[in-house]
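The structure appears right after this line, and notes come after that.
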Ligand code: NAP
Ligand code: ZN
């Protein structure tokens, strides 16, 4: 058993505090990872704040994990001590249902085991990456390509795969016009990845404050959604819209921007329902869809794609004592473009 240092939160309105958590003894296929960096995803905030329903506190969030293998169970074959590895939003699944067999473990019919705020197969609550160590079964551990530094690799494990997967599934590429709504952690990765896939990318942000960055990330246009002309000007333009916004939006306004047969994919996960008018969809055979992270095989593909195309998130590295301040800034959309905790400061 390894005792890990961690940062935990005890309730929706509480600050983070120092904590210690026990990581289980290695089972035959388990890997012990010394965590070096952990990204802060808006889902960590939703969960810690109780937006999505009740959670068991104390909670140690963090599902964008990058580190080094320090021990392996006796039957581990995929990784060895010293390997650079990552862990994303899930740490296990049934492995037997049709979705798991298809490599879509995130849609496991029995429910995947989330990296934190879940219960593992031993009946123990899972605790995430704001900690010095984690034990994960080898099938849910990703290999980080040598060219991606660990601090920049961390956000790829959620923000990267959550945007790569729908862009891949709905075939973003040459000749496709893709809009990204919200340029935070997920949004800025969506821009970089869609551009690398060859699509023509437009950012729809609340203001033009981050326009220069958006164009540098690969967007060819950038509009402020606070200006009504934006919606008039762009009506019927996009084949694919990826909505990464963490708050409720007027989805009908965004659906009006789709072409014939266009699809708006919601990855943003606000607690409030998004209301859709039938007539936002019917006249142009438009689709309104959702997408959740990505499977393990696809996550490895995404990491390799990012290495090949020299793509990495733009990050701000913080110390463990700065988590509360970072949460405030995420709530204020003041993030460029992902906070990553340096776990050595724990
Ligand atoms: P983030 O870094 O906070 O980015 C969200 C962006 O949305 C902000 O930067 C802002 O962009 C925009 N925004 C925020 N509040 C807004 C409002 N009231 N109206 C309009 N725009 C607003 O968050 P994130 O980490 O990228 O996560 C985004 C969402 O995706 C969260 O809800 C998260 O839980 C969810 N998520 C889903 C999955 C999945 O599997 N589907 C995985 C990970 C995360 P601008 O400043 O550019 O307007
Ligand atoms: Zn996430």
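The values are calculated or read from the model by the stated rules, or taken from the named source; none is laboratory data. On a predicted model such as this, the values are computed, not experimentally measured, just so you know. Cβ: placed from backbone, ideal geometry, glycine included. Neighbour counts: every protein chain shown.
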*Could you say whether any residue in the range 159-173 is closer than 18 Å to residue 343 by Cβ and part of a loop (DSSP other than H, G, I, E, B)?*
no
*If you scan the range 95-108, which residues turn out to be in a loop (DSSP other than H, G, I, E, B) and in contact with a helix residue (DSSP H, G or I) (Cβ under 6 Å, 6 or more places away or on another chain)?*
103, 108
*Would you pick out the residues in the range 268-318 that are farther than 16 Å from residue 159 by Cβ and within 16 Å of ligand 2 (Cβ to nearest atom)?*
270, 271, 290, 295, 296
_Condition first: in contact with a strand residue (DSSP E or B) (Cβ under 6 Å, 6 or more places away or on another chain), at pLDDT 95 or above, under 19 Å from residue 22 (Cβ atoms) and buried (at least 19 other Cβ atoms within 10 Å of the Cβ). Can you find one or more residues in the range 90-104 that meet it?_
yes
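Going by what's in this entry, would residue 4 be described as modelled with pLDDT of 95 or more, in contact with a strand residue (DSSP E or B) (Cβ under 9 Å, 6 or more places away or on another chain), more than 16 Å from ligand 1 (Cβ to nearest atom) and assigned to a strand (DSSP E or B)? Give the derivation first.
Numbers: modelled with pLDDT of 95 or more: yes; in contact with a strand residue (DSSP E or B) (Cβ under 9 Å, 6 or more places away or on another chain): yes; more than 16 Å from ligand 1 (Cβ to nearest atom): yes; assigned to a strand (DSSP E or B): yes.
Yes, satisfied.
To keep it simple, each residue is scored yes or no on (1) in contact with a strand residue (DSSP E or B) (Cβ under 7 Å, 6 or more places away or on another chain); (2) exposed (fewer than 14 other Cβ atoms within 10 Å of the Cβ).
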| site | (1), (2) |
| --- | --- |
| 244 | yes, no |
| 248 | no, yes |
| 280 | no, no |
| 292 | no, no |
| 295 | no, no |
| 303 | yes, no |
| 308 | no, yes |
| 333 | no, no |
| 341 | yes, no |
*closer than 17 Å to residue 302 by Cβ and buried (at least 19 other Cβ atoms within 10 Å of the Cβ), is that true of residue 191?*
yes
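Just checking, how many residues over the range 234-246 are in contact (Cβ under 8 Å) with a residue 24 or more places away in the chain and not in a strand (DSSP E or B)? Write out each step before concluding.
Restricting attention to the range 234-246, the residues satisfying the condition of being in contact (Cβ under 8 Å) with a residue 24 or more places away in the chain are 234, 236-246.
Remaining after also requiring not in a strand (DSSP E or B): 234, 236-237, 244-246.
Adding up the residues that qualify gives 6.
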*Of all residues in the range 37-50, which are crowded, with 21+ Cβ neighbours inside 10 Å and either in a strand (DSSP E or B) or away from ligand 2 (no atom under 16 Å from the Cβ) (or both)?*
37, 38, 39, 40
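Considering 230, 202, 259, which residue is assigned by TED's automatic domain parsing to the domain that holds residue 283, more than 20 Å from residue 315 (Cα to Cα) and not in a strand (DSSP E or B)? Walk me through how you get there before you give the answer.
Numbers: 202 fails: not in a strand (DSSP E or B); 259 fails: not in a strand (DSSP E or B).
Just a single option satisfies the conditions, and that option is 230.
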_The one condition in (1) within 15 Å of ligand 1 (Cβ to nearest atom); (2) at negative phi; (3) at pLDDT 95 or above that residue 228 fails to fulfil_ = (3)
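Could you please give the count of residues in the range 43-90 that are within 16 Å of ligand 1 (Cβ to nearest atom) and on the phi > 0 side of the Ramachandran plot?
Initially, the range 43-90 is screened for residues within 16 Å of ligand 1 (Cβ to nearest atom), giving 43-53, 55, 59, 61-65, 86-90.
If we keep only those that are on the phi > 0 side of the Ramachandran plot too, we end up with 50, 53, 62.
The number of residues fulfilling the criteria is 3.
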_Where residue 252 falls short, out of the listed (1) farther than 23 Å from residue 89 by Cβ; (2) surrounded by 17 or more Cβ atoms within 10 Å (Cβ to Cβ); (3) in contact with a helix residue (DSSP H, G or I) (Cβ under 7 Å, 6 or more places away or on another chain)_ = (2)
